[in-house]
Every structure is written in structure tokens, then in C-alpha cells.
1. Within region 275-305, count every residue that is polar (S, T, N, Q), modelled with pLDDT under 90 and under 17 Å from the mean Cα position of the chain (by Cα).
2. Filter region 388-410 for residues that are of a type in the set (Asp, Glu), under 23 Å from residue 353 (Cβ atoms) and touching a residue at least 60 places away in the same chain (Cβ under 8 Å) and give the result.
3. In region 196-233, what count of residues is obtained for those that are more than 22 Å from residue 286 (Cα to Cα) and either hydrophobic (A, V, I, L, M, F, W, C) or touching a residue at least 40 places away in the same chain (Cβ under 8 Å) (or both)?
4. Just a yes or no: is a residue in region 256-273 of a type in the set (Ser, Thr, Tyr) and modelled with pLDDT of 85 or more?
5. Select from region 388-410 the residues that are open to solvent by 40 Å² or more (accessible area, probe 1.4 Å) and β-branched (Val, Ile, Thr) and write down the one among them that is nearest to residue 331 (Cα to Cα).
6. State all residues of region 362-382 that are of a type in the set (S, T, N, Q) and either buried (at least 18 other Cβ atoms within 10 Å of the Cβ) or touching a residue at least 60 places away in the same chain (Cβ under 8 Å) (or both); if no residue qualifies, say none.
7. Tell me the residue from 212, 186, 166 that is modelled with pLDDT of 70 or more, surrounded by 13 or more Cβ atoms within 10 Å (Cβ to Cβ) and over 27 Å from residue 118 (Cβ atoms), please.
8. Would you check which residues across region 259-279 are open to solvent by 20 Å² or more (accessible area, probe 1.4 Å), of a type in the set (A, V, I, L, M, F, W, C) and either within 21 Å of residue 22 (Cβ to Cβ) or not in a helix (DSSP H, G or I) (or both) and list them?
Amino acid sequence: MERKKNHKYSFSQIITKFSQFIYLSVQGSTNNNIWESASACSFNFIFSFIPVVMIILTALVTVLRFSPELLQYVMGFCKQVESIYDFWPLLENLLNKKSISFFDFILAIWVIWMARKLFLSIVKGINFIFRTENKRKNAFNQLLTFISEFALVIVFIIFIIGTFLFNKLLNLPMFDFLRSNFPFIFRTLYNVLASSVMYFMFFVFSLLSYKFISGTNPPLKICLFYAFLNTGITFVISFFLNKFMNLTNYNVIYGTISTVIVLLFKVYLFFSIFLYCAQMVYVSQFFDNLIISQIYVIQHKKRTYIENLLCNYLFNRPSFSNLKTKSVFYQSGDIIYKEGDDSKYVYYIKNGNVTETTGNSTITYENSCFFGEITGFLNTTRTSTATADTYTEVIKINTPSFIKIINQDHLASTVALTKLSQYTKSEDTISD
């Protein structure tokens, strides 16, 4: 006899779910080597920084060569980064160039090709987290890369023009009195606006990356939350770094490349946070799937004593919220399925014991065990009969959904293949 049970989460269950989320996020980040992906993104940023700025400056000079004031403003921007690279010769050459040669065209293609390294590393890092790396053709990744590159160029051009117009607005005669008597307010207002625009760009970049580059179409509210979290953490870390890091201390150690070293460190922190938040988006989107996968391998994976205690505490009494699962109760002696039935479901024992009988052989399953999945993998009818030994509560998981979950986790797939191999050997032994 079956009776459905509706679950309401207590405070302790909410704490457990949050702990499960943190555990899965940290474990996923470690398994996916997001720190190495962040390093790749950081180094590619350094290599792509000059090509990207060259593309932006070329576009600006080409479009705005007839606006001397704006060009002067762009030159001021170049002075701010001249410790990294002197872009003035490029600007001067662009201003004086009247025609484009074949060599210029080849050079432009090379600059674009070098700039794509950053975006391609970002796409690869996110695809690896969301398990979509092998599902997409390389041509699609390349298309995403060029779209991202083009979007970044457009956004930066808008940003530079926007800050220029705001600066012009503050210099209008109507603000002369305030500007002369309260210069600090104007400088603060300008810096706050520039920082706000920059962090808004970070937010939009993170949101679009999580939503579209991931390839799994996570819910918009999840992407918004973690894009905001990524931007907020980046702001806090940048604030303290700028407050306590003295660049002159590093000039003594690294010399003229100290600016690049410090920039590389800041960029690495940003990409580490960005990718870790991407991992949390993945865990949030597939939380119940990952819980099931974790439970399925918990008895088969070798762990330290502390890890076993933690896993037993977190995953021996799971709660499923998003999957279409059914919590079902059976009395002692009730038949859960019998030989010849369709393998529509996989079962997980929350409480009680179940005995599976095949001919003269029996297998007993206890709390926190899965059963009934093998014939589901093989897409055949049941070859055994499962009976509840005691008052038993089980969770029924749709077989196609369970197979999809197992395929998401390479370790769970390995466990499934091992059990399938053992089942096949036992069937061969019986037939002999």
C-alpha cells in the first residue's frame, strides 16, 4: 500500500541543505580545478589586454577623429595605463594614417586573434563547470568568443564616451561656483560614477556569462543573484586591496613590471570569484541531481575518516525538492515491484529494509541504499521481486531522470558501470 507524504523543511533541515550546498560547491570547484581556469584567464587577460585596447582605440579614433576634445580625452585615458603599455605611438599612427595597406589588414586580423584568447579561456572555464564543453562544437565556442569580444569593445567605447560627456557636463558654467568651492565633491562624484559604471559592466558580464555561455539555461533569478554576489565580493576585495596595497613596495622587488604583477594578482582574484560563483550557479540549478549523485557514490568512494563523517551527516537523510519524486510508504510484506514489471522507477530507502529476490538468491538493502536501477540501465523488465521487510519509506525516482543524473557525474557513472558489470557476471554465472 502506498501513501504519499508532504515534507515541510524545519530549521535544522534548512541548515543541512545549506551545508550540502556549500559542500557541493567546494567539491565541484576542486574537481573542476577552477583555480587553474582562473590562472589561465588571468594570463590570457595580460596577453589580450594590449590587443583589446588596440581594437578599442582603433574603433574610437576611426569613428571620432573629427572630435578633437574626445580624442584628447582618449589620450588622457592612455596616460593612465602607460605604466603597462605606451599606446601613444599607436594613436599617433592611427591619426596620421590615410589608407589601409594589405599588411595593416593582416596585422588587424592578428590583433583580433590574440584578443580572443581571453574570451576563449572564459568560455572554456564556464563550459567545463557546466559540463557543456563536449556538447558544443568548437565553431560555436569560437562564435561565442567573437561575440563577447565585440560586445566588450562596444561597451568600453560607450563607457569612455559616457564618462567624457559627464565630464563635459560637470564643466558647464552653471557648476563653476560649486566646482571652485567644493572641488572634493566633484572629484568624488566623478570617481563614484566611473566606479559604478565599471562594476555595472562586471555585473552585466557575469549575468550574461552565467545565463548564456553556461549552455544549461539556468533560471534568470539565480543568475542575477550570483552576478550580484560576484560583483559585490569583487568590489569589497578591490576596496581593501587599493586601501592597503602600496605599489611602491613592489617597485623595489619587481621593478618596472610591478604594475603588471599587481594587475595580474587582482585579475586572478576576480576570475577566481567569477568562476566560483559560476560553480554555485551550477549547484543551485542541479542541486537535487547532485545530491542524488553524491548519495549514489557515498558507499563506493574511498574517503578519509573525517570526510566519511561529514558525508554521512550531510547525505544520509537527503531531501528532494525540485525533482518529480514521490515519497512512498510500504507496510511489512508489501511488494514494491515484482518480476516482469516495467522498470519505471529507481528506489532510494529513507527508512526501513527491502529484500530483493531472484530465484533462490536474495539481497537485503538498508537505509540510504539505492535499488532497482540495474534493469533501468538495461531498459528491460524486472528480473527480481522487491519486498518491504519492515515499515519502509522509499523515494521513487523516474528512471530516465536518474540515468540523466548519473551521466552528469563521472564518478557516479563509474559506480553504475561497476554495478552493471557485476550484475552481468552474476547473470552469466546463473545461466551457466
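The values are calculated or read from the model by the stated rules, or taken from the named source; none is laboratory data. The model shown is predicted, which means the values in this text are computed figures rather than measured ones. Glycine also receives a Cβ, built like all others from the backbone with ideal geometry; neighbour counts cover every protein chain displayed. Calculation scope for accessible area: heavy atoms of the full protein, side chains included, ligands and nucleic acids excluded. Shrake-Rupley method; radii C 1.70, N 1.55, O 1.52, S 1.80 Å.
1. Here the count works out to 1.
2. Residue satisfying the conditions is 393 alone.
3. Matching residues across region 196-233 total 9.
4. Yes - at least one qualifying residue is present in region 256-273.
5. 390
6. 368, 375
7. Result: 166 is the single residue among 212, 186, 166 that is modelled with pLDDT of 70 or more, surrounded by 13 or more Cβ atoms within 10 Å (Cβ to Cβ) and over 27 Å from residue 118 (Cβ atoms).
8. 269, 273
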